[in-house]
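Below: the structure, in structure tokens.
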Amino acid sequence: MKNHSGICMTEGSLGKNIFLFSLPLVLSNLLQVLFNMSDIAVVGRFSGSLALGAVGSCAIAVTLFTGLLIGMGGGINAIAARYAGAGDREKLGKTVHSSLLLSLLYGAVILLVGLLTIDKLLVLLNTKEELLDGAILYMRVYLLGTPALAVYNFGSGVLSAVGDSKRPLYYLFAAGLVNIALNLFFVIALDLDVLGVALASAISQYLSALLILRRLFSCKEVYALHLRQLHIDRAIGKTVLLLGIPAGLQNAIFAIANLFIQAAVNSFDTLMVEGNSAAANADALVYDMMAAFYVACTTFIGQNLGAGKRERVMRSYLISLAYSFLSAFVFGALLFLFGRQFLSIFTPDAAVIEAGMKRLNIMAFSYCVSAFMDCTIAASRGLGKTVVPTIIVIAGSCAFRILWIYTIFAHFHTIPALYLLYICSWTITAIFEILYFVRILKEEYPAAKAA
């Protein structure tokens, strides 16, 4: 499919086109992480280590709720890409209109559930008593932005599905600048510390949602939104939910497993919690950069299946996998070499930096292994498969990690004993995800196996 950005997903060089498609997404995801980091950087620099620890203690909880929303956006992307590749204007239009309403409802439900459970969740995480009040306040305000985040991910999924990966970058950049400005204003000028950075995040999320809706309502493309057509088509809505909810659950499952990891981190002293909070920013930086190639994998596979170009499916997967692996390896090496400088962005405390390095030294060369798991999950999503990959994730990345914490970590109770579980769980999960993807490709799409 040729789109207005000039990127052709169904013809030409896959290596070149996947890279050109992914680059704006990489920049967009990196900007989003950097803007989110400004919350922690501002409170760490201007409000002290307790505020840093309070916001940092929420990282896993934030990932839990936002992962559900991002997964829904990924499901919408896969469906829209399939119809765009097939040139089915009617179903693409129904997908766009149904998905907006479903995303709004989905975001509202997550907001309600989050507000009702966040205090209990943070207690379950063994959040330090001196950090608990600040963490609860931050999350309650941050959650107010979840409906807007749902809308942004919906719009980003639609635009990416038709090859427009640049506009979400522009909108996110504008919202991110507002986020940083509000962070500084609320924290430095108004002395709102934790409350200030949470407000800044929520406001910027609504701005990004408004910008992406403005584009979809004002454009003349086949995927444009029209008020009169806003309703949920039963068949399309069912397809969106059957693909989007399991995709969201996949993300949430990782977060649920990581809740136990955060609880394990909280079993150390406050210094280690603060160091972990600073070092955890590297995770988001690398993961979100890699995620751009996963979106490309889903989109290119979906469009080529829709266009009947099944011989390009396996090549799309392998090229996306190579890009995500190499990017993680390079960034991991940089973090290993310049980890202290990276951590100094969030705190001037040398002891906190040293505590953070204990995590960073282990994770730096572990990130690239996750590409084999996540890219394969994205490829299965492009084939319209999410249920079995979700079951594999539950077993390999949730149950296995919890078992590790209560056995290996409980025995040694050291930071290395805790963080080595990542690379082990990624390896196990990746093996089974790859076996499943290859089997489905051979059985249901036999033309693709010759690629």
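The values are calculated or read from the model by the stated rules, or taken from the named source; none is laboratory data. Since the structure is predicted, the reported quantities are computational estimates derived from the model, not experimental observations. Positions of Cβ are generated from backbone atoms using ideal geometry, with glycine treated the same way; all protein chains shown enter the neighbour counts. Each accessible area value is taken on the protein alone, full model and side chains, heavy atoms only, with ligands, DNA and RNA left out. Shrake-Rupley method; radii C 1.70, N 1.55, O 1.52, S 1.80 Å.
Assorted remarks:
- Cβ pairs under 7 Å, 6+ apart, first in segment 292-303 and over 10 Å from SER316 (Cα atoms), second of a type in the set (Val, Ile, Thr) and in a helix (DSSP H, G or I): ALA292/VAL26
- Of all residues making up segment 107-141, the number that are farther than 17 Å from ALA257 by Cα and more than 24 Å from the chain's Cα centre (by Cα): 7
- Flag for THR66 being among the hydroxyl-bearing types (Ser, Thr, Tyr) and free of Cβ contacts under 8 Å to residues at least 40 places away in the same chain: no
- Subset of segment 343-375 (residues that are touching a helix residue (DSSP H, G or I) at 6+ places or on another chain (Cβ under 6 Å), part of a helix (DSSP H, G or I), of a type outside the set (A, V, I, L, M) and touching a residue at least 60 places away in the same chain (Cβ under 8 Å)): GLY356, LYS358, ARG359, TYR367, SER370, PHE372, ASP374, CYS375
- Where LYS385 falls short, out of the listed (1) out of contact with any Pro (no Cβ under 8 Å at 6 or more places or on another chain); (2) assigned to a helix (DSSP H, G or I): (2)
- Per the listing ILE405, ILE353, the residue uniquely modelled with pLDDT of 90 or more and not acidic (Asp, Glu) is ILE405.
- All conditions in (1) surrounded by fewer than 23 Cβ atoms within 10 Å (Cβ to Cβ); (2) touching a strand residue (DSSP E or B) at 6+ places or on another chain (Cβ under 9 Å) hold for GLY163, with the sole exception of (1).
- The residues on offer are ARG381, ARG401, ARG340, and the sole one that is open to solvent by less than 60 Å² (accessible area, probe 1.4 Å), of a type in the set (D, E, K, R) and farther than 21 Å from GLY74 by Cα is ARG401.
- Long-range neighbours under 9 Å by Cβ, at least six apart or interchain, first residue farther than 26 Å from VAL26 by Cβ within segment 271-287, second assigned to a helix (DSSP H, G or I) and of a type in the set (Ser, Thr, Tyr): LEU271/SER49; GLU274/SER49
- Taking (1) in a loop (DSSP other than H, G, I, E, B); (2) more than 17 Å from TYR152 (Cβ to Cβ); (3) within 27 Å of the chain's Cα centre (by Cα) in turn, LEU241 satisfies each apart from (1).
Table: residues versus (1) assigned to a loop (DSSP other than H, G, I, E, B); (2) polar (S, T, N, Q).
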site: SER208; (1), (2): no, yes
site: LEU211; (1), (2): no, no
site: GLU221; (1), (2): yes, no
site: ILE245; (1), (2): no, no
site: ILE253; (1), (2): no, no
site: ALA257; (1), (2): no, no
site: SER267; (1), (2): yes, yes
